[in-house]
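Visitor: Before we start, here is the structure in question, set down as structure tokens.
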Amino acid sequence: MTPFVFNTTHCILFRFGAAKEIARHAGVLLGPKVLVVTDPGLRRAGLADPAVGALAAAGHEVTVFDQIEADPSVATVIATVDAGRGAGVTGVIGFGGGSSLDVAKVASLLLGTDQTLDEAWGIGNARGPRLPLVLVPTTAGTGSEVTPVAILTVGGAEKRGISSAILLPDIALLDAELTLSLPASITAATGVDAMVHAIEAYASANANNNPLSRLLAREALRLLGANIETAVMDGTNGPAREAMLLGAMLAGQAFANSPVAAVHALAYPLGGLFHIPHGLSNALVLTSVLRFNLPLAAATYAEIAADAFPHLAEVPDEARALAFVAALEALIGRLQMPRRLRDLNIPADALPRMAADAMKQQRLLVNNPRPVTEADALAIYTEAW
Ligand code: NAD
């Protein structure tokens, strides 16, 4: 068997309503002074209030930094670190979607080490130590609570990553109650993001693609495929929300150890240049990238097709991968997501710049089952336009 390494979050706590009990689960770990990293929308909605209240009631001094924007910038990370340093915090909680969780990861690192951000970019360069870190996802999408990755926006347009096991939190606290308020459009986009994680992890050309990741990716696709429409149409459906949160986490564990590829590489310029939400960016290029990959990945896609869409088990092997791509296209339509790049007012003359930017994501492109040149990227964008 091919050797592999599999890292994941040390403690995963999955329970409806668990955020209210965060002081009991994580108080000792976090220490007396806690930094809560979140975004302004969640703050206004009061989503973190029960957790913050529970920590304060247990005697912790809590500083809430609520200025995290989507696709967070380096400046935001620095402001977060300044807030934490000013308050002399002993532990960090990331509370929100992937944007807040990623900033919390990097802040916990920079608050705990004398390494600089510039020394930490890339794979395996962040050494730590970091402050104690607890991540509480409020979207069912990125799986950031179980990945060693943090993605920041550099210079206004480029998405750049830090990937190092030191960024895996001490505790991932998954409370589906927090996702009941997620609007339908964000539920759809983040849910498709999670499905992309599972698909790309399963088919990853990375040398560390491993049996655990493939197992987790298939279970993730089963949960996400069976529940995404219910979660979008009926947001207060607790069981569907739990299945989505679990599915997104399993997909996160899968791709944390069998990394994603060209869908993500081609999605990043959409976020960087046009500020299109991460999940929607993935959805916009997903089927065009999979169709491009079919000559080399059809057998792989055929293996997972019926996990996401059980009716595809009836389709003959040789036609199943194409049917999988069509089923994903139909699902994205039923979720009422924008379908084409032009629907988001992306000008056709921006496509060459996007293709050039996508080429900077070699960290991801090397994992694609089929090599992607700049001309291929342009052709994929043109098809998706
Ligand atoms: P996000 O964190 O940017 O949040 C999107 C919006 O959803 C925000 O306006 C937020 O207020 C709102 N929101 C979040 N939870 C809510 C809730 N429960 N109720 C109501 N509104 C809610 O979105 P995201 O898709 O979770 O994260 C995207 C970011 O994660 C990107 O920067 C992306 O690059 C990064 N990412 C990281 C990893 C990783 O492994 N670290 C993986 C994939 C993506």
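Read-outs: derived from the displayed coordinates by stated rules, not from any lab. Treat the numbers as computed from the prediction; the structure is a model and nothing was measured. Here Cβ is always computed from backbone atoms with ideal geometry, including for glycine, and neighbour counts include all displayed protein chains.
Visitor: What share of the DSSP beta bridges in segment 11-178 is antiparallel, in percent to the nearest 5?
Guide: On the way: 6 of 29 bridges.
Close to 20 percent.
Visitor: Any chance you could run the full-extension gain for residue 344 through residue 382? It's 0.36 nm times the residue separation minus the Cα-Cα distance, nm to one decimal.
Guide: The residue 344-residue 382 span can extend by a further 12.3 nm.
Visitor: Cβ neighbours within 10 Å, averaged per peptide: list 186-193, 330-337 in order, most packed at the top.
Guide: On the way: 186-193: 25.8, 330-337: 15.8.
The packing order, highest mean first, is 186-193, 330-337.
Visitor: Can you list the DSSP H helices in the chain whose Cα atoms extend at least 30 Å along the helix axis and whose mean Kyte-Doolittle hydropathy is 0.0 or higher? Walk me through the numbers on the way to the answer.
Guide: On the way: long enough: 211-233 (34 Å, 0.57).
Sorted by number, the helices that extend far enough and score high enough are 211-233.
Visitor: Taking the Cα-to-Cβ direction at residue 158 and at residue 75 and moving 7 Å from each Cα, how far apart do the two end points lie in nm?
Guide: The answer from the label model is 1.8 nm.
Visitor: Still on this model: Taking the Cβ-Cβ separation of residue 11 and residue 207 as r and a Förster radius of 25 Å, what is the calculated FRET efficiency to the nearest 0.05? Provide the component values of the computation, followed by the final result.
Guide: Numbers: r = 28 Å, r/R0 = 1.14.
Once the sixth-power term is evaluated, E becomes 0.30.
Visitor: Still on this model: Can you tell me the order of 128-137, 272-281 when each peptide is scored by its average per-residue count of other Cβ atoms within 10 angstrom, highest first? Don't jump to the answer; show the numbers that get you there.
Guide: Values: 128-137: 23.9, 272-281: 21.6.
Highest to lowest by the protection proxy: 128-137, 272-281.
Visitor: Would you mind telling me the antiparallel percentage of the DSSP bridges in the chain, rounded to 5?
Guide: Around 20 percent antiparallel, to the nearest 5.
Visitor: Give the cross-link partners of residue 360 among the lysines, using a straight C-alpha distance below 28 Å as the criterion and excluding same-chain residues fewer than 8 apart.
Guide: Counting by Cα, and skipping residues close in sequence, residue 360 has these lysines nearby: 105, 159.
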